[in-house]
1. Within 10 Å of each residue's Cβ, count the other Cβ atoms and sort A:Lys22, B:Lys32 from fewest upward.
2. Arrange B:His128, A:His101, A:His88, A:His212 by Cβ neighbour counts within 10 Å, fewest through most, would you?
3. Report the calculated FRET efficiency for A:Val201 and B:Met120 (r = Cβ-Cβ distance, R0 = 22 Å), to the nearest 0.05.
4. May I ask for the distance between the Cα centers of segment A:98-132 and segment A:34-97, given as a whole number of Å?
5. Give the average over all directions of the projected area of the C-alpha convex hull of segment B:102-176, one decimal, in nm².
6. Read phi for every residue in segment B:51-59 and hand back ³J(HN,Hα) as whole Hz from Karplus 6.51 cos²θ - 1.76 cosθ + 1.60, θ = phi - 60°, with x for Gly and Pro.
7. With label points built 7 Å along Cα→Cβ from the Cα atoms of B:Leu60 and B:Leu84, find their separation and express it in nm.
8. When chain B is modelled as a GNM with alpha-carbon springs shorter than 10 Å, which of B:Asn121, B:Asn20, B:Asn132 fluctuates the most?
Amino acid sequence: MNVPDETPVVAPGYDSGSVTRKITDVVLARPLGRGWLAGFAFAFALLMLLNFAIGWLLIRGVGIWGINIPVAWGFAIVNFVWWIGIGHAGTFISAILLLLHQDWRTSINRFAEAMTLFAVACAGLFPLLHLGRPWVFYWLLPYPDTMGLWPQWRSPLVWDVFAVSTYATVSLMFWYVGLIPDLATMRDRSAPRPLQFIYGVMALGWRGSARHWKRFKMAYLLLAGLATPLVLSVHSVVSLDFAVAIVPGWHSTIFPPYFVAGAIFSGFAMVLTLLIPVRKAYGLQDFITIRHLENCAKIMLATGLMVAHGYITEMFMSWYSDDKFDIYMTLNRMFGPYAPAWWLLMFCNVLVPQALWFKSIRTNPAILFVLALLVNVGMWTERYVIVVTSLHRDFLPSAWGIYHPTRWDWMTLIGSFGLFLSLLFLFLRLLPAISITEMGKLVLDKKESRQQ
Amino acid sequence: MNQNLYGMMAEFEQTEELLNAARAAFKAGYRKMDAYSPFPVEGVAEVLGFEHTRVPLVVLIGGITGAAMAYGMQYYSAVWDYPLNIGGRPLHSWPSFIPITFELMVLFAAVAAVFGMLLMNGLPKPYHPVFNVPAFKLASQTRFFLCLQATDPQFGEGTKHFLTSLNPIAIHEVES
């Protein structure tokens with residue numbers, strides 16, 4: 001791995017003190033900029049659009065959406081799968097790459113974990129809203145109800161409730177535990193008394209004792225070990241929501257691995273979409289170097305190829321099965337009423353990532369940004385194609401139908417960006433976006449290995 | 001000697017200095033002491049005599065509890081409390097109970113890891129005597145501290161002299 005001419009993970013000339021100053025100054029010393037205010041105002045406006053769309057939904061019901069019979073799973077499920085997929089990159093970076101000793105992850109893991117949390121928050125909204133009566137969401141949980149009923153344990157939809165809520169809880173705890181020592185640093189570096197108090201309360205009185213560190217490290221490592229199979233299980237369970245049904249285009253054993261690869265693919269695309277502007281706006285190019293962008297691009301290329309393999313397998317299997325419904329479904333995706341979506345997803349997810357074979361493209365932030373945006377679009381379209389084209393024409397032509405999203409569908413989707421971006425803007429403003437303790441340790445280790 | 005003394009603290013600039021100081025203090029017979037650093041320093045907890053942490057055990061218990069509870073709940077409800085014939089499948093259709101068993105195992109183990117670690121560390125603890133030292137602000141940023149506690153039988157008139165012999169940047173008295 002350590003080729004001498006490789007771009008370093010941290011620009012030279014930093015010690016643990018200057019790393020700490022640089023990261024905390026983004027929050028504590030930087031004045032409230034016009035750029036941040038404008039960005040936050042924009043995100044907040046979108047959030048209000050979401051509020052509006054949800055408010056009307058609660059008054060009128062899911063009939064304001066484009067869903068119908070046969071397409072009962074419209075945008076809500078597409079958006080759910082898309083957002084939860086994005087949420088997979090954070091845990092992948094912080095847990096799997098930690099266990100694999102990939103030290104370049106250090107400067108982007110906090111940010112990616114935050115992105116995961118906010119993406120999961122957006123994802124969680126959609127199935128709840130799709131329930132029709134979100135206020136009785138607790139019917140999904142096992143609780144002693146007066147009718148003596150239990151959830152149906154054999155249904156993947158019930159597994160999904162447990163998988164997603166476990167994932168949200170574990171991601172939140174993982175993120176917060178990693179933040180505790182950094183919150184102590186924020187407490188000790190902030191001058192105003194109220195700020196010291198707030199960061200102090202959030203840091204729980206952390207004082208960096210050697211005994212505490214030992215338990216902390218062990219707990220963090222075990223959390224990473226637990227999160228690793230968890231992240232793979234979550235999207236597998238999501239894919240079973242489809243694969244267990246008998247609808248052509250859903251009923252396929254390739255779904256779990258293909259969904260997990262797609263999730264990590266779209267997650268890294270979102271990491272790049274966000275990191276490239278953030279590192280520029282906050283002058284963090286010394287910590288989030290070209291090396292990070294290139295590594296993310298490599299993971300995108302690898303997972304993109306897995307996704308392409310999934311598409312090819314699906315097409316091959318429908319031909320090889322000699323099942324006329326399956327063959328019709330494949331042809332209908334390519335040439336039916338939703339053909340433009342299928343060709344768009346092939347362009348964005350299969351063709352575009354091939355550019356990442358070239359180092360000159362992987363190391364060019366502007367081009368990477370555009371590529372990552374296209375992959376985000378492609379992965380959203382993929383879920384749209386899976387949900388809509390499979391449902392709209394299944395076995396009986398008399399039961400066929402067409403689905404068109406309404407303006408309320410669009411407002412809810414666009415509004416969810418508002419929720420995501422508002423949380424992200426607040427995070428960047430209030431908390432250290434890069435792990436201070438891990439960076440301090442990394443700089444020290446690099447110095448020691450140079451001296452040897 | 002000051003009665004309100006929690007301990008005596010030496011401040012260092014390098015991790016190796018902290019490690020050497022902790023080693024020397026342990027050799028000199030000090031046991032009630034702690035080291036403070038902005039990031040984990042490899043080996044210092046072991047030098048202080050803290051070899052084993054029970055965090056893994058707590059996590060194991062949490063995971064087993066979660067898995068057992070989840071499987072037990074599904075078995076009880078599907079076989080005993082509300083048996084339903086779904087397409088002729090056996091009531092105890094164990095493969096479909098595995099995903100929830102797995103998820104709750106992870107959930108309970110993770111909760112045990114986080115809360116176990118915090119409780120064993122005695123956190124949250126908003127007040128601690130070491131915070132009385134103004135320079136201790138640097139313990140979360142750049143400096144490394146070794147604190148010998150006044151309750152240690154070895155602690156006495158010679159302690160300050162001993163700490164000076166370790167060549168720290170500064171020595172602080174910690175008010176309790």
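1. Fewest-to-most Cβ neighbours within 10 Å comes out as B:Lys32, A:Lys22.
2. A:His101, B:His128, A:His212, A:His88
3. Plugging the Cβ-Cβ distance into 1/(1 + (r/R0)^6) gives 0.60.
4. About 14 Å separates the Cα centre of segment A:98-132 from the one of segment A:34-97.
5. Numbers: hull surface 30.3 nm².
Over every viewing direction, the Cα hull of segment B:102-176 projects on average to 7.6 nm².
6. 8, 10, 10, 8, 4, x, 5, 4, 5
7. 3.8
8. B:Asn121
Each reported figure results from applying straightforward, stated rules to the coordinates on display, with no laboratory input. Computed from a prediction, not measured in an experiment: that's the story for all the values here. Note: ideal-geometry Cβ built from the backbone for every residue, glycine included; neighbour counts use all protein chains shown.
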